[in-house]
Amino acid sequence: MSHLATINEFVLRFANVNGSGSASANGLIAKSFFRMGLPVGPKNIFPSNIQGLPTWFEIRVSEAGYTARRGSVDLMIAMNAETFLQDIASVETGGYLLYDSSKPLSHDARREDIHYLGVPLTALAVERFSNPRQRLLFKNIMYAGVLGALLQIETEVMEALIAEQFRGKEKLIQPNVDALHMGRDHALENLNCPLPFHAQRRDAVGDRILIDGNAAAGLGAVYAGATVAAWYPITPSTSLVDAFTRYCRKYRVDADSGRNNYAVIQAEDELSAIGMVIGASWNGARAFTATSGPGVSLMGEFLGLAYYAEIPAVLFDIQRVGPSTGMPTRTQQSDLLAAAYASHGDTKHVLLLPATPQECFDMAVQAFDLAERLQTPVIVMSDLDLGMNDTLSAPFVWDDHYTPDRGKVASAAQLDEGFEFFRYLDVDGDAIPYRTY
(Lines give C-alpha, C1' and ligand atoms only; values in the text may rest on other atoms or scores of the structure.)
Protein backbone atom coordinates (compact mmCIF):
# COMPACT_ATOMS: atom_id res chain seq x y z
CA MET A 1 0.00 0.00 0.00
CA SER A 2 1.31 3.43 -0.91
CA HIS A 3 1.83 5.95 1.88
CA LEU A 4 -0.72 8.03 -0.06
CA ALA A 5 -3.42 5.60 1.06
CA THR A 6 -2.59 5.59 4.77
CA ILE A 7 -4.48 6.81 7.81
CA ASN A 8 -2.94 9.51 10.00
CA GLU A 9 0.35 9.68 8.08
CA PHE A 10 0.57 12.57 5.58
CA VAL A 11 2.02 16.02 4.90
CA LEU A 12 0.11 19.18 3.97
CA ARG A 13 1.69 22.39 2.70
CA PHE A 14 -0.13 25.70 2.42
CA ALA A 15 1.12 28.31 -0.04
CA ASN A 16 -0.27 31.73 0.81
CA VAL A 17 0.31 35.46 0.51
CA ASN A 18 1.58 37.02 3.72
CA GLY A 19 -0.96 39.35 5.31
CA SER A 20 -3.96 37.59 3.73
CA GLY A 21 -5.22 36.21 7.05
CA SER A 22 -4.28 32.65 6.14
CA ALA A 23 -2.29 31.98 9.32
CA SER A 24 -5.44 31.61 11.42
CA ALA A 25 -7.02 29.13 8.99
CA ASN A 26 -3.82 27.10 8.69
CA GLY A 27 -3.37 27.04 12.44
CA LEU A 28 -6.99 25.92 12.76
CA ILE A 29 -6.21 22.83 10.68
CA ALA A 30 -3.10 21.95 12.71
CA LYS A 31 -4.91 22.35 16.01
CA SER A 32 -7.85 20.28 14.75
CA PHE A 33 -5.57 17.30 14.12
CA PHE A 34 -4.05 17.82 17.57
CA ARG A 35 -7.51 17.91 19.18
CA MET A 36 -8.26 14.61 17.44
CA GLY A 37 -5.38 13.05 19.36
CA LEU A 38 -2.85 13.10 16.52
CA PRO A 39 0.79 14.25 16.85
CA VAL A 40 1.47 17.16 14.49
CA GLY A 41 4.54 19.11 13.44
CA PRO A 42 3.50 22.55 12.14
CA LYS A 43 6.26 24.62 10.53
CA ASN A 44 6.33 28.19 9.22
CA ILE A 45 8.35 28.53 6.02
CA PHE A 46 8.58 32.12 4.91
CA PRO A 47 11.28 34.09 3.08
CA SER A 48 10.18 37.41 4.54
CA ASN A 49 7.71 38.73 7.04
CA ILE A 50 6.62 41.56 4.74
CA GLN A 51 2.98 41.78 3.71
CA GLY A 52 2.28 40.66 0.16
CA LEU A 53 5.21 38.27 -0.23
CA PRO A 54 4.98 34.46 -0.32
CA THR A 55 4.67 32.39 2.81
CA TRP A 56 4.27 28.66 3.41
CA PHE A 57 2.98 26.59 6.29
CA GLU A 58 3.54 22.86 6.54
CA ILE A 59 1.78 20.31 8.72
CA ARG A 60 3.04 16.79 9.19
CA VAL A 61 0.45 14.47 10.71
CA SER A 62 1.96 11.28 12.10
CA GLU A 63 0.29 8.83 14.41
CA ALA A 64 3.73 7.29 14.84
CA GLY A 65 4.95 10.57 16.30
CA TYR A 66 7.25 11.81 13.51
CA THR A 67 6.94 15.60 13.47
CA ALA A 68 10.06 16.76 11.57
CA ARG A 69 9.67 17.87 7.96
CA ARG A 70 9.63 14.86 5.65
CA GLY A 71 10.80 16.61 2.49
CA SER A 72 7.78 15.77 0.32
CA VAL A 73 4.17 16.93 0.13
CA ASP A 74 1.05 14.77 -0.17
CA LEU A 75 -1.49 17.62 -0.40
CA MET A 76 -0.57 21.12 -1.54
CA ILE A 77 -3.03 23.92 -0.83
CA ALA A 78 -1.89 26.37 -3.52
CA MET A 79 -3.34 29.84 -2.86
CA ASN A 80 -0.55 32.06 -4.20
CA ALA A 81 -0.48 32.74 -7.94
CA GLU A 82 3.12 34.00 -7.71
CA THR A 83 4.48 30.65 -6.52
CA PHE A 84 1.89 28.38 -8.18
CA LEU A 85 4.22 26.58 -10.59
CA GLN A 86 6.81 26.09 -7.85
CA ASP A 87 4.13 24.71 -5.53
CA ILE A 88 2.87 22.25 -8.14
CA ALA A 89 6.40 20.94 -8.64
CA SER A 90 6.76 20.13 -4.93
CA VAL A 91 3.84 17.67 -4.84
CA GLU A 92 4.74 14.00 -4.51
CA THR A 93 3.89 11.77 -7.49
CA GLY A 94 0.35 10.54 -6.90
CA GLY A 95 -0.31 13.45 -4.55
CA TYR A 96 -3.00 16.11 -4.64
CA LEU A 97 -3.19 19.83 -5.36
CA LEU A 98 -6.05 21.93 -3.98
CA TYR A 99 -6.44 25.22 -5.87
CA ASP A 100 -8.89 28.04 -6.51
CA SER A 101 -10.61 27.12 -9.77
CA SER A 102 -12.35 30.47 -10.19
CA LYS A 103 -9.91 30.93 -13.09
CA PRO A 104 -8.86 28.13 -15.46
CA LEU A 105 -5.43 26.54 -15.11
CA SER A 106 -2.80 27.38 -17.68
CA HIS A 107 -1.28 24.57 -19.77
CA ASP A 108 2.11 24.76 -18.01
CA ALA A 109 0.39 24.24 -14.65
CA ARG A 110 -0.60 20.68 -15.54
CA ARG A 111 1.11 17.53 -14.31
CA GLU A 112 -0.08 14.10 -15.37
CA ASP A 113 1.17 12.33 -12.24
CA ILE A 114 -0.82 14.27 -9.58
CA HIS A 115 -4.50 14.84 -8.82
CA TYR A 116 -6.11 18.29 -9.11
CA LEU A 117 -8.84 19.40 -6.71
CA GLY A 118 -10.44 22.58 -8.01
CA VAL A 119 -12.77 24.62 -5.79
CA PRO A 120 -14.03 28.06 -6.98
CA LEU A 121 -13.19 29.72 -3.67
CA THR A 122 -13.08 33.31 -4.94
CA ALA A 123 -16.35 32.92 -6.86
CA LEU A 124 -18.06 31.43 -3.81
CA ALA A 125 -16.74 34.21 -1.57
CA VAL A 126 -17.86 36.94 -4.01
CA GLU A 127 -21.30 35.37 -4.21
CA ARG A 128 -21.69 35.16 -0.42
CA PHE A 129 -19.84 38.24 0.93
CA SER A 130 -19.98 41.87 -0.24
CA ASN A 131 -17.02 43.27 1.72
CA PRO A 132 -13.66 42.76 -0.09
CA ARG A 133 -11.78 42.16 3.15
CA GLN A 134 -14.36 39.60 4.28
CA ARG A 135 -14.07 37.82 0.94
CA LEU A 136 -10.33 37.44 1.46
CA LEU A 137 -10.57 36.28 5.07
CA PHE A 138 -13.52 33.94 4.67
CA LYS A 139 -11.97 32.34 1.61
CA ASN A 140 -9.32 30.98 3.97
CA ILE A 141 -11.94 29.49 6.28
CA MET A 142 -13.71 28.05 3.25
CA TYR A 143 -10.64 26.08 2.19
CA ALA A 144 -10.31 24.93 5.80
CA GLY A 145 -13.83 23.55 5.41
CA VAL A 146 -12.84 21.84 2.15
CA LEU A 147 -9.91 20.20 3.95
CA GLY A 148 -12.24 19.14 6.72
CA ALA A 149 -14.24 17.11 4.20
CA LEU A 150 -11.22 15.81 2.27
CA LEU A 151 -9.29 14.71 5.35
CA GLN A 152 -12.24 13.73 7.54
CA ILE A 153 -11.52 16.32 10.22
CA GLU A 154 -14.25 16.36 12.83
CA THR A 155 -16.53 19.35 12.23
CA GLU A 156 -17.29 19.74 15.93
CA VAL A 157 -13.59 20.16 16.66
CA MET A 158 -13.19 22.86 14.01
CA GLU A 159 -16.29 24.73 15.21
CA ALA A 160 -15.05 24.61 18.81
CA LEU A 161 -11.68 26.07 17.76
CA ILE A 162 -13.39 28.90 15.87
CA ALA A 163 -15.45 29.69 18.98
CA GLU A 164 -12.27 29.77 21.07
CA GLN A 165 -10.42 31.94 18.58
CA PHE A 166 -13.14 34.57 18.52
CA ARG A 167 -14.07 34.46 22.19
CA GLY A 168 -15.02 38.00 23.14
CA LYS A 169 -15.89 38.76 19.50
CA GLU A 170 -19.01 36.62 19.32
CA LYS A 171 -20.36 38.39 16.23
CA LEU A 172 -17.53 36.84 14.20
CA ILE A 173 -18.14 33.25 15.27
CA GLN A 174 -21.21 32.44 13.18
CA PRO A 175 -19.95 34.00 9.91
CA ASN A 176 -16.75 31.95 10.22
CA VAL A 177 -18.72 28.78 10.97
CA ASP A 178 -20.92 29.52 7.94
CA ALA A 179 -17.84 29.95 5.71
CA LEU A 180 -16.44 26.69 7.09
CA HIS A 181 -19.61 24.83 6.13
CA MET A 182 -19.70 26.48 2.69
CA GLY A 183 -16.33 24.95 1.88
CA ARG A 184 -17.17 21.62 3.48
CA ASP A 185 -20.53 21.28 1.72
CA HIS A 186 -19.02 22.17 -1.66
CA ALA A 187 -16.32 19.52 -1.24
CA LEU A 188 -18.80 16.84 -0.17
CA GLU A 189 -20.97 17.58 -3.19
CA ASN A 190 -18.26 17.95 -5.84
CA LEU A 191 -15.15 16.03 -4.73
CA ASN A 192 -14.44 12.44 -3.75
CA CYS A 193 -14.29 12.65 0.03
CA PRO A 194 -12.36 11.59 1.97
CA LEU A 195 -9.01 11.28 0.24
CA PRO A 196 -7.18 7.91 0.40
CA PHE A 197 -5.06 9.43 3.19
CA HIS A 198 -7.08 11.12 5.93
CA ALA A 199 -7.41 11.51 9.67
CA GLN A 200 -9.06 9.31 12.27
CA ARG A 201 -9.30 10.10 15.95
CA ARG A 202 -6.65 8.48 18.12
CA ASP A 203 -5.19 8.90 21.59
CA ALA A 204 -1.59 9.36 20.45
CA VAL A 205 -1.01 12.74 22.11
CA GLY A 206 -1.68 11.92 25.75
CA ASP A 207 -1.49 14.93 28.05
CA ARG A 208 0.95 16.85 25.87
CA ILE A 209 0.28 20.44 24.85
CA LEU A 210 0.98 22.27 21.57
CA ILE A 211 2.92 25.51 22.11
CA ASP A 212 5.75 27.51 20.57
CA GLY A 213 8.90 28.58 22.38
CA ASN A 214 8.11 32.29 22.36
CA ALA A 215 4.73 31.75 24.03
CA ALA A 216 6.38 29.45 26.57
CA ALA A 217 9.04 32.07 27.36
CA GLY A 218 6.41 34.82 27.65
CA LEU A 219 4.46 32.69 30.11
CA GLY A 220 7.64 31.91 32.01
CA ALA A 221 8.34 35.63 32.37
CA VAL A 222 4.89 36.07 33.94
CA TYR A 223 5.51 33.24 36.40
CA ALA A 224 8.94 34.68 37.19
CA GLY A 225 7.32 37.91 38.34
CA ALA A 226 8.35 40.14 35.44
CA THR A 227 6.24 43.30 35.34
CA VAL A 228 8.01 45.39 32.67
CA ALA A 229 8.76 44.57 29.03
CA ALA A 230 10.34 47.14 26.71
CA TRP A 231 10.93 46.13 23.12
CA TYR A 232 11.29 47.15 19.52
CA PRO A 233 9.58 44.84 16.95
CA ILE A 234 11.90 42.49 15.11
CA THR A 235 11.32 39.08 13.55
CA PRO A 236 11.39 36.49 15.07
CA SER A 237 11.13 37.84 18.64
CA THR A 238 7.97 39.94 18.42
CA SER A 239 5.59 37.12 19.34
CA LEU A 240 7.37 36.62 22.68
CA VAL A 241 6.34 40.07 23.89
CA ASP A 242 2.92 39.57 22.31
CA ALA A 243 2.53 36.39 24.37
CA PHE A 244 3.72 38.13 27.55
CA THR A 245 1.19 40.89 26.95
CA ARG A 246 -1.60 38.39 26.33
CA TYR A 247 -0.86 36.47 29.52
CA CYS A 248 -0.52 39.68 31.54
CA ARG A 249 -3.96 40.83 30.38
CA LYS A 250 -5.30 37.57 31.75
CA TYR A 251 -3.29 37.26 34.96
CA ARG A 252 -1.85 40.70 35.80
CA VAL A 253 -4.97 42.90 36.03
CA ASP A 254 -6.27 43.80 39.48
CA ALA A 255 -9.71 42.22 39.79
CA ASP A 256 -11.12 45.02 41.96
CA SER A 257 -9.81 48.15 40.26
CA GLY A 258 -9.17 46.82 36.75
CA ARG A 259 -5.72 48.39 36.93
CA ASN A 260 -2.86 46.77 35.02
CA ASN A 261 -0.07 45.47 37.22
CA TYR A 262 2.37 45.44 34.34
CA ALA A 263 3.82 47.73 31.67
CA VAL A 264 4.66 46.84 28.07
CA ILE A 265 6.40 49.62 26.18
CA GLN A 266 7.18 49.66 22.48
CA ALA A 267 10.34 51.73 22.27
CA GLU A 268 11.53 53.77 19.31
CA ASP A 269 14.53 51.48 18.80
CA GLU A 270 16.50 48.68 20.43
CA LEU A 271 18.79 51.06 22.32
CA SER A 272 15.84 52.68 24.03
CA ALA A 273 14.32 49.29 24.80
CA ILE A 274 17.33 47.94 26.70
CA GLY A 275 17.78 51.32 28.39
CA MET A 276 14.22 51.15 29.71
CA VAL A 277 14.82 47.61 30.95
CA ILE A 278 17.96 48.68 32.83
CA GLY A 279 16.13 51.65 34.33
CA ALA A 280 13.20 49.51 35.46
CA SER A 281 15.56 46.90 36.91
CA TRP A 282 17.52 49.60 38.72
CA ASN A 283 14.24 50.60 40.38
CA GLY A 284 13.52 47.05 41.52
CA ALA A 285 11.21 45.70 38.83
CA ARG A 286 11.82 42.47 37.02
CA ALA A 287 12.18 43.69 33.45
CA PHE A 288 13.17 42.22 30.11
CA THR A 289 13.41 42.80 26.40
CA ALA A 290 13.26 40.48 23.39
CA THR A 291 15.20 40.93 20.17
CA SER A 292 17.34 39.19 17.59
CA GLY A 293 20.92 39.51 16.34
CA PRO A 294 20.71 43.08 14.98
CA GLY A 295 19.16 44.20 18.26
CA VAL A 296 21.94 42.55 20.27
CA SER A 297 24.46 44.50 18.19
CA LEU A 298 22.71 47.77 18.97
CA MET A 299 22.28 46.94 22.65
CA GLY A 300 25.98 46.22 23.21
CA GLU A 301 26.90 49.47 24.96
CA PHE A 302 23.96 49.31 27.37
CA LEU A 303 24.66 45.65 28.11
CA GLY A 304 28.18 46.67 29.05
CA LEU A 305 26.82 49.44 31.27
CA ALA A 306 24.55 46.99 33.09
CA TYR A 307 27.44 44.53 33.44
CA TYR A 308 29.82 47.05 35.00
CA ALA A 309 27.16 48.84 37.05
CA GLU A 310 25.93 45.45 38.30
CA ILE A 311 22.33 45.93 37.23
CA PRO A 312 20.21 42.82 36.60
CA ALA A 313 18.47 42.61 33.23
CA VAL A 314 17.04 39.82 31.08
CA LEU A 315 17.26 39.66 27.30
CA PHE A 316 15.64 37.03 25.09
CA ASP A 317 17.60 36.66 21.85
CA ILE A 318 15.48 34.79 19.29
CA GLN A 319 18.23 34.13 16.77
CA ARG A 320 18.02 34.33 12.99
CA VAL A 321 20.52 34.53 10.13
CA GLY A 322 22.90 37.35 9.43
CA PRO A 323 23.45 40.94 10.55
CA SER A 324 21.03 43.81 10.00
CA THR A 325 18.32 42.84 7.49
CA GLY A 326 20.14 39.61 6.65
CA MET A 327 17.69 36.73 6.28
CA PRO A 328 15.26 37.54 9.10
CA THR A 329 13.07 34.49 8.59
CA ARG A 330 15.75 31.81 8.50
CA THR A 331 16.96 29.90 11.55
CA GLN A 332 20.56 29.96 12.74
CA GLN A 333 22.30 30.10 16.11
CA SER A 334 24.28 33.05 14.81
CA ASP A 335 24.61 35.22 17.90
CA LEU A 336 26.39 33.00 20.41
CA LEU A 337 29.75 34.77 20.45
CA ALA A 338 28.21 38.21 19.98
CA ALA A 339 25.95 37.67 22.99
CA ALA A 340 28.53 35.95 25.20
CA TYR A 341 30.96 38.88 24.91
CA ALA A 342 28.52 41.72 24.16
CA SER A 343 29.91 45.22 24.75
CA HIS A 344 33.60 46.14 24.96
CA GLY A 345 36.33 44.78 27.16
CA ASP A 346 36.21 42.08 29.78
CA THR A 347 32.51 41.21 29.72
CA LYS A 348 31.35 37.62 29.91
CA HIS A 349 27.57 37.30 29.95
CA VAL A 350 25.51 34.43 31.29
CA LEU A 351 23.76 32.59 28.45
CA LEU A 352 20.90 30.10 28.78
CA LEU A 353 20.25 27.88 25.76
CA PRO A 354 16.78 26.24 25.66
CA ALA A 355 16.05 23.40 23.23
CA THR A 356 12.34 22.84 23.91
CA PRO A 357 9.29 24.92 24.88
CA GLN A 358 9.57 23.40 28.37
CA GLU A 359 13.10 24.77 28.65
CA CYS A 360 11.98 28.15 27.27
CA PHE A 361 9.50 28.32 30.15
CA ASP A 362 11.92 27.07 32.81
CA MET A 363 14.86 29.17 31.66
CA ALA A 364 12.75 32.32 31.54
CA VAL A 365 12.28 31.93 35.28
CA GLN A 366 15.93 30.97 35.85
CA ALA A 367 17.10 34.01 33.88
CA PHE A 368 15.47 36.48 36.27
CA ASP A 369 16.74 34.61 39.31
CA LEU A 370 20.29 34.48 37.96
CA ALA A 371 20.22 38.13 36.89
CA GLU A 372 19.33 39.27 40.39
CA ARG A 373 21.54 36.76 42.20
CA LEU A 374 24.56 37.74 40.09
CA GLN A 375 23.49 41.38 39.51
CA THR A 376 24.22 41.20 35.79
CA PRO A 377 22.47 40.83 32.42
CA VAL A 378 21.38 37.29 31.52
CA ILE A 379 20.58 36.37 27.91
CA VAL A 380 18.28 33.51 26.88
CA MET A 381 19.38 32.21 23.46
CA SER A 382 16.40 30.79 21.57
CA ASP A 383 15.96 30.77 17.77
CA LEU A 384 13.33 31.20 15.07
CA ASP A 385 12.53 27.52 14.65
CA LEU A 386 11.99 26.97 18.36
CA GLY A 387 10.39 30.35 18.97
CA MET A 388 7.85 30.57 16.16
CA ASN A 389 6.76 26.97 15.55
CA ASP A 390 4.30 25.00 17.65
CA THR A 391 5.84 21.91 19.22
CA LEU A 392 4.41 19.02 21.22
CA SER A 393 5.46 19.43 24.82
CA ALA A 394 4.75 17.87 28.18
CA PRO A 395 2.61 20.16 30.36
CA PHE A 396 4.68 22.74 32.20
CA VAL A 397 5.20 21.99 35.87
CA TRP A 398 5.23 24.81 38.41
CA ASP A 399 6.23 24.72 42.06
CA ASP A 400 3.68 26.80 43.97
CA HIS A 401 6.26 27.23 46.72
CA TYR A 402 8.65 29.02 44.36
CA THR A 403 10.21 32.16 45.82
CA PRO A 404 12.04 34.53 43.48
CA ASP A 405 15.77 34.75 44.14
CA ARG A 406 16.22 38.50 44.54
CA GLY A 407 19.88 38.24 45.49
CA LYS A 408 21.22 40.41 48.30
CA VAL A 409 18.41 42.95 48.25
CA ALA A 410 17.66 45.03 51.32
CA SER A 411 14.08 45.13 52.60
CA ALA A 412 12.27 48.41 53.25
CA ALA A 413 12.77 47.94 56.99
CA GLN A 414 16.49 47.37 56.52
CA LEU A 415 16.77 50.46 54.37
CA ASP A 416 15.01 52.47 57.08
CA GLU A 417 17.65 51.29 59.56
CA GLY A 418 20.29 53.05 57.54
CA PHE A 419 23.67 52.10 56.16
CA GLU A 420 24.61 49.96 59.14
CA PHE A 421 22.90 47.01 57.44
CA PHE A 422 25.34 47.13 54.58
CA ARG A 423 28.35 46.62 56.81
CA TYR A 424 27.54 42.91 56.98
CA LEU A 425 25.95 40.62 54.45
CA ASP A 426 25.06 37.01 55.07
CA VAL A 427 26.77 34.59 52.70
CA ASP A 428 25.94 30.91 53.12
CA GLY A 429 24.89 31.53 56.70
CA ASP A 430 28.00 33.49 57.67
CA ALA A 431 28.02 37.21 58.42
CA ILE A 432 30.98 38.83 56.70
CA PRO A 433 32.15 42.43 56.54
CA TYR A 434 30.87 43.98 53.34
CA ARG A 435 31.55 47.67 53.36
CA THR A 436 32.88 50.21 55.82
CA TYR A 437 31.43 53.70 56.13
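The values are calculated or read from the model by the stated rules, or taken from the named source; none is laboratory data. Note that the structure is a prediction, hence the values are computed from the model and not measured. Every residue, glycine as well, gets a Cβ built from its backbone with ideal geometry; the counts of neighbours run over all protein chains shown. Calculation scope for accessible area: heavy atoms of the full protein, side chains included, ligands and nucleic acids excluded. Shrake-Rupley method; radii C 1.70, N 1.55, O 1.52, S 1.80 Å.
Given contacts defined as C-alpha pairs under 8 Å and at least six residues apart, what's the relative contact order of the chain, whole-number percent? Intermediate values should be presented prior to the final figure.
Details: 896 pairs, mean separation 61.8, N = 437.
Relative contact order of the chain: 14 percent.
Probe 1.4 Å, all protein chains in place: accessible area of S297 in Å², nearest 10?
90 Å²
Return a whole-number percent for the relative contact order of segment 86-131, with Cα pairs under 8 Å and 6 or more residues apart as the contact set. List each step's numbers first, then the result.
Details: 45 pairs, mean separation 18.9, N = 46.
About 41 percent, as a whole number.
N261 to S101: FRET efficiency via 1/(1 + (r/R0)^6), r the Cβ-Cβ distance, R0 56 Å, to the nearest 0.05? Spell out each step's value before the answer.
On the way: r = 53 Å, r/R0 = 0.94.
The value I calculate is 0.60.
Can you report the principal axis dimensions of segment 48-182 using only the alpha carbons, biggest first, rounded to whole angstrom?
Taking the Cα atoms of segment 48-182, the three principal extents are 44, 39, 31 Å.
Quick one: accessible surface of V157, probe radius 1.4 Å, all protein chains present, in square angstrom to the nearest 10.
20 Å²
Can you give the % of DSSP beta bridges in the chain that are antiparallel, to the nearest 5? Mind showing how you got there, number by number?
On the way: 24 of 59 bridges.
Once the DSSP bridges in the chain are tallied, antiparallel ones form about 40 percent.
Quick one: of K171/K250; K103/K171; K43/K348; K43/K139; K139/K169, which pairs are farther than 30 Å apart, Cα to Cα? Walk me through the numbers before you get to the answer.
On the way: K171/K250 22 Å; K103/K171 32 Å; K43/K348 34 Å; K43/K139 22 Å; K139/K169 19 Å.
The pairs that break the limit, which is 30 Å between Cα atoms, are K103/K171; K43/K348.
Estimate the FRET efficiency between T6 and Q134 by the formula 1/(1 + (r/R0)^6), using the beta-carbon distance for r and 45 Å for R0, to the nearest 0.05.
Numbers: r = 37 Å, r/R0 = 0.83.
With a Förster radius of 45 Å, E is 0.75.
At S72 and A412, where each label point lies 7 Å from the Cα along Cα→Cβ, what is the point-to-point distance in nanometres?
With each label placed 7 Å out from Cα toward Cβ, I get 6.8 nm.
For segment 41-102, what class follows from the C-alpha gyration tensor (a ≥ b ≥ c being the square roots of its eigenvalues): rounded when a/c is under 1.5, otherwise prolate if a/b is larger than b/c, else oblate? Intermediate values should be presented prior to the final figure.
On the way: a/c = 2.28, a/b = 1.28, b/c = 1.79.
Cα axes put segment 41-102 in the oblate bin.
Put W56, W282 in order of accessible area, largest first, 1.4 Å probe: what do you get? Don't jump to the answer; show the numbers that get you there.
On the way: W56 35, W282 180 Å².
Accessible-area ranking of W56, W282, largest first: W282, W56.
Each label point is 7 Å from the Cα along the Cα-to-Cβ direction; what then is the distance between the points at E82 and S24, in nm?
Spacing of the two 7 Å Cα→Cβ label points: 2.2 nm.
At 1.4 Å probe size, with every protein chain present, just tell me what the per residue accessible area of the chain comes to in Å². Walk me through the numbers on the way to the answer.
Details: 20850 Å² over 437 residues.
Value for the chain: 48 Å² per residue.
Per the helix-only calculation at 222 nm, which mean residue ellipticity applies to the chain, given -39500 (n - 2.57) for every DSSP H run of n ≥ 4 and division by its residues, nearest 500 deg cm²/dmol? Write out the running numbers ahead of the final one.
Working: 14 runs with 165 residues, N = 437.
So the helix-based figure for the chain works out to -11500 deg cm²/dmol.
Give me the dipole magnitude in Debye, nearest 20, for segment 160-262 about the Cα centre, with unit charges on the beta carbon: positive for Lys and Arg, negative for Asp and Glu.
Details: 12 positive and 11 negative charges, 48 e Å.
The calculation lands at about 220 debye.
Pick out, from H349, L191, P42, the residue whose Cα sits farthest towards the positive end of the charge dipole of the chain, with +1 on the Cβ of Lys and Arg and -1 on the Cβ of Asp and Glu.
L191
At 1.002 mPa s and 20 °C, plugging the Kirkwood radius over alpha-carbon pairs of the chain into Stokes-Einstein gives what diffusion coefficient in µm²/s? Could the numbers behind the result be given before it?
Values: Rh = 24.0 Å.
Calculated translational D: 89 µm²/s.
Report, in debye and to the nearest 20, how large the dipole of segment 268-405 comes out about its Cα centre when Lys and Arg carry +1 and Asp and Glu carry -1 on their Cβ. List each step's numbers first, then the result.
Details: 5 positive and 18 negative charges, 50 e Å.
The calculated dipole for segment 268-405 is roughly 240 debye.
With point charges of +1 on the Cβ of Lys and Arg and -1 on the Cβ of Asp and Glu, referenced to the Cα centre of the chain, which listed residue (V365, Y99, I153) lies farthest in the positive direction of the dipole?
Most positive-ward Cα: Y99.
Which percent of the accessible area of the chain is formed by carbon and sulfur heavy atoms (probe 1.4 angstrom)?
52 percent
Roughly how tilted is helix 22-35, in degrees to the nearest 10 and between 0 and 90, from the longest Cα axis of the chain?
Result, in degrees: 90.
At most 12 other Cβ atoms within 10 Å plus a DSSP loop assignment makes a site exposed; report the longest stretch of the chain without any exposed trypsin sites (Lys or Arg not before Pro). Let's see the in-between values first.
Numbers: sites that count: R110, R167, K169, R259, K348, K408, R435.
Formally, the longest exposed-site-free interval is 1-109.
How far apart, in nm, are two points set 7 Å out from the Cα along the Cα-to-Cβ line at E156 and at I45?
3.5 nm
What is the gain in length, in nm to one decimal, between D203 and I173 on full extension, counting 0.36 nm per residue of separation less the C-alpha to C-alpha distance? Show your work: numbers first, answer last.
Details: separation 30, 0.36 × 30 = 10.80 nm, distance 2.83 nm.
Answer, rounded to one decimal: 8.0 nm.
Nothing charged except the Cβ atoms of Lys and Arg (+1) and of Asp and Glu (-1): what's the magnitude of the dipole of the chain about its Cα centre? Round to the nearest 20 debye. Let's see the in-between values first.
Working: 35 positive and 50 negative charges, 217 e Å.
Charge dipole, the chain, about its Cα centre: 1040 debye, nearest 20.
Need one value: the accessible area of H198 in square angstrom, 1.4 angstrom probe, rounded to the nearest 10.
20 Å²
Just flag the chymotrypsin sites (Phe, Trp or Tyr not before Pro) in segment 292-364 sitting in loop per DSSP whose Cβ has no more than 16 other Cβ atoms within 10 Å.
Working: sites: F302, Y307, Y308, F316, Y341, F361; in loops: Y341.
In loop regions of segment 292-364 (DSSP not H, G, I, E or B), the sparsely surrounded chymotrypsin sites (Phe, Trp or Tyr not before Pro) are Y341.
For the Cα atoms of the chain, what angle does the longest principal axis make with the long axis of helix 173-190, in degrees from 0 to 90, nearest 10?
Rounded to the nearest ten degrees, it is 40.
Could you name the aspartates and glutamates in cross-link range of K408, using Cα to Cα under 13 Å and dropping any fewer than eight places away on the same chain?
Answer for K408, where 13 Å is the Cα cut-off: E310, D369, E372, D426, D428, listed by chain and number.
Once both axes come from the Cα atoms, what is the angle between helix 293-309 and the longest principal axis of the chain, in degrees from 0 to 90, rounded to 10?
Result, in degrees: 20.
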